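In what follows, a structure is listed as structure tokens, so that the remarks can point back to it.
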Amino acid sequence: MAKLHNYYVLCPLIDQKSFLGVSQDKETTNVIVTLGRNVVHKYRLSDQKLIVGWTSKDYITSTVIYDKEQDAYVGIFNNNAIKSWNEECDNLDKIKKHKFPINILKLLTRGDQSPLVIFSNGNCASLSYAMDNRKGFESKSLVKEIDIIIDAAYYNLNNTSNICYILKNNSNYEIFTCPLREELGDLEKSKVHKVKILRPEDVHIVGHLISTTEKLGVYILWSDGKLTVYELDKRSWRTIGSVPWISTHYSVSIAWMGKNHLILFGSNIEQDGAIIVAYNIVLGVGSCKYPMKMYTEGAKLYCFDNRIILEASNHIGMLPYVLEIKRNLSSLLGSHEITKDVCTEIADWDTPTKPIFKFSEEIKDLLSLGLTERNICAQVIPPLLEKDDFRHILKILKDFKDIPESVLVLLLSYAVKLVNPNKIDITNNEELINTCSSNIDSKEKRTGQKAKLEFLNYLLQIPVSDAILIPYLRNGLSLDEALFLMSYISYLLVDSDRKIEMDYESKLFDWCTLLMDAFYQQYVMTTDVKVKYVLDTMQKIVENLVDQLMLVDSILPQLHQVVSGKQMENNVDELLSYTIELMEI
């Protein structure tokens, strides 16, 4: 789920009407802010420091971008000219202009490839090709004169570059897509595809977004609060759900947060200010909200480096966020309403009665009964534990996405007995490391132990609900099993050679918290040496991690100076025990 932290100001806004936008810089921690028609600044997000700035007498007419291919900054001037410059440039007016016979709408980045130049008439080309052939571009428009391109984005589908526009004609909207020719970056005009954005109800569009990252699609927010998506790969519409807490009487700004989340900014539903809403498009629910004092009509909204960048009335604001997945679903209860899609479905009478996906023999009979996945899992897994074939159990488990907490605790107890059958002394660190790293003399036993550890690792990655799991942990695990699990997690965090991803590391800390909560009473009341040893070890790990974070925080300014190529200044005064200052009177 999403967590929003405290809001603060990135930089003041010169003039809201002339603000052109924000784009990603070469470093992910920096952004390029085109503050107005004549001013471009580069800021570091971590401390809101202005790194470099440029001014121009010529009007800048679109967001300045960073071009990875030529390692330069590129901007559009006076609607029909392009300039590119490097960071050391101190005067944009001295940079050579490359004029075009037709107006340019905007520039789009394409990763390591040359950016795309989007012309006002709908044509486009790669920047390198456009600069070399700027006088030969055809002026024939690909869009109607009454159509306005209100949004444009580049996306890659099946290793083919594509362009997507949202066109507006009075109150009518249309999605325009077309593949690009790789060499030139221009449109394959024979493959242009258009689809109208319509709904049978009497509603209108209040927000839109072309998402080109994880979930390809054009997201449309309607005046009745319903969110729909046109999936670019399937070329079909799908209803996601209703967005809570936000008013749809006015325009709503939308941006992509990542990990199946959208961020929306609009007027509060109670009409007493503004609100920022994080929305999960998979579950169709609002994850969290953040109230704001002032609402800005048509505010530009971005997400960079886990921070929301927001255009406000007199400044550019910033709101850090964290996306947590696979846990705490219970906290979302009551945050949404069920939305029914009223579109007519056409039945296919030739559809086979058997499921079209692969399934194991154990769940074959249960599927035909129409049982839920949790119910099927609860019936299938316990009998398999009696057969003591953990490899087969792991294979079956991977077919389930929703595993009951009661079954998970049974599996954990079983896995601990597999990995630690002889109940080793967990206070002996060397013996623990040998067991957890499968350092066994026999090759056959070593292979088997490694497979058992992988089984346990998979269980620790399964999504759970904290509140529901704790009672099952308390009743289903023994204290010794809980202590071994905490010791194994300590090994994974400190001594293991296994590469641990950030999500899995976060999950391991969650398991520590769960095991602490579930067995808190036993920890407090027992005088067992093993309990004290395990808790002391975990405390030292946490303290060490905190110390490392504090150390990184203190050394960040020096690291930034090194990366920027700036000479570090030694403060002589700090090295001396005292100083003498001479004053002339």
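The values are calculated or read from the model by the stated rules, or taken from the named source; none is laboratory data. Predicted model only: the values in this text are computed from it and were never measured. Note: ideal-geometry Cβ built from the backbone for every residue, glycine included; neighbour counts use all protein chains shown. The accessibility values were calculated without ligands, DNA or RNA, using every heavy atom of the protein model including side chains. Shrake-Rupley method; radii C 1.70, N 1.55, O 1.52, S 1.80 Å.
Summarising the amide proton neighbourhood of Ser62: residues at separation of 5 or more, or on other chains, whose placed amide H is nearer than 5 Å comprise Ile76.
Can you tell me which of 54-67, 525-538 comes out highest on packing, and rank the rest after it, using the mean Cβ neighbours within 10 Å?
Averaged packing, sorted descending, gives the order 54-67, 525-538.
Note that region 100-107 has calculated 3J(HN,Hα) couplings of 10, x, 10, 6, 10, 7, 6, 10 Hz, one per residue in order, obtained from phi through the Karplus relation 6.51 cos²θ - 1.76 cosθ + 1.60 (θ = phi - 60°); glycine and proline are x. Surface composition of the chain: carbon and sulfur make up 51 percent of the accessible area, probe 1.4 Å.
For region 2-151, the solvent-accessible area of protein heavy atoms averages 48 Å² per residue (probe radius 1.4 Å; ligands and nucleic acids excluded). At 18 angstrom or more along the helix axis (alpha-carbon based) and mean Kyte-Doolittle of 0.0 or higher, what helices does the chain contain? Whole DSSP H runs only. Taking the DSSP H segments of the chain (at least 18 Å long, mean hydropathy at least 0.0), we get 405-419, 479-494, 502-518, 529-564. In order along region 29-36, the Karplus-derived 3J(HN,Hα) couplings, from 6.51 cos²θ - 1.76 cosθ + 1.60 at θ = phi - 60°, round to 7, 10, 9, 9, 10, 8, 6, x Hz, and Gly and Pro are given as x. Ignoring lysines fewer than eight residues from Lys196 along the same chain, the ones with Cα atoms less than 22 angstrom from its Cα are Lys144, Lys168, Lys215, Lys226, Lys234, Lys340. Normalising the average separation of contacting C-alpha pairs (under 8 angstrom, six or more residues apart) by the number of residues puts the relative contact order of the chain at 8 percent.
Cross-link reach is defined here as a Cα-Cα straight distance under 16 Å, omitting same-chain residues fewer than 8 places apart; for Lys540 the aspartates and glutamates meeting it are Asp495. For the chain, a simple Cβ point-charge model (Lys and Arg +1, Asp and Glu -1, everything else neutral) yields a dipole of about 1720 debye relative to the Cα centre. Other residues with beta-carbon under 14 Å from the beta-carbon of Phe390 carry, at +1 per Lys or Arg and -1 per Asp or Glu, a net charge of +3.
Each peptide in 202-210, 383-391 was scored by the mean count of other Cβ atoms within 10 Å over its residues; highest first, the order is 202-210, 383-391. Do the alpha carbons of any pairs in Lys259/Lys387; Lys300/Lys507; Lys423/Lys507 sit beyond 31 Å of each other, and which pairs? Beyond 31 Å: Lys259/Lys387; Lys300/Lys507.
Between the amide H of Ile240 and those of Leu227, Thr228, Val229, distances stay under 5 Å, these residues lying 5 or more places away or on another chain, with hydrogens modeled in the peptide plane.
3J(HN,Hα) along region 251-265, derived from phi through the Karplus expression 6.51 cos²θ - 1.76 cosθ + 1.60 where θ = phi - 60°, amounts to 5, 10, 8, 10, 9, 9, 8, x, 6, 6, 10, 9, 10, 10, 10 Hz, with x in place of Gly and Pro.
Here the sum of -39500 (n - 2.57) over DSSP H runs of 4 or more residues, divided by the residues of the chain, equals -9000 deg cm²/dmol at 222 nm, to the nearest 500.
Cross-link partners for Lys395 among the aspartates and glutamates, with Cα-Cα distance under 20 Å and sequence neighbours closer than 8 places in the same chain left out: Glu361, Glu362, Asp365, Glu373, Glu386, Glu405, Glu454. For Ile104, the amide hydrogen comes within under 5 Å of the amide hydrogens of Asn80, Ser120, counting only partners 5 or more places away or on other chains and with H modelled in the peptide plane. Most tightly packed first, judged by the mean number of other beta-carbon atoms within 10 Å of their residues, the peptides 488-495, 419-426 read 488-495, 419-426.
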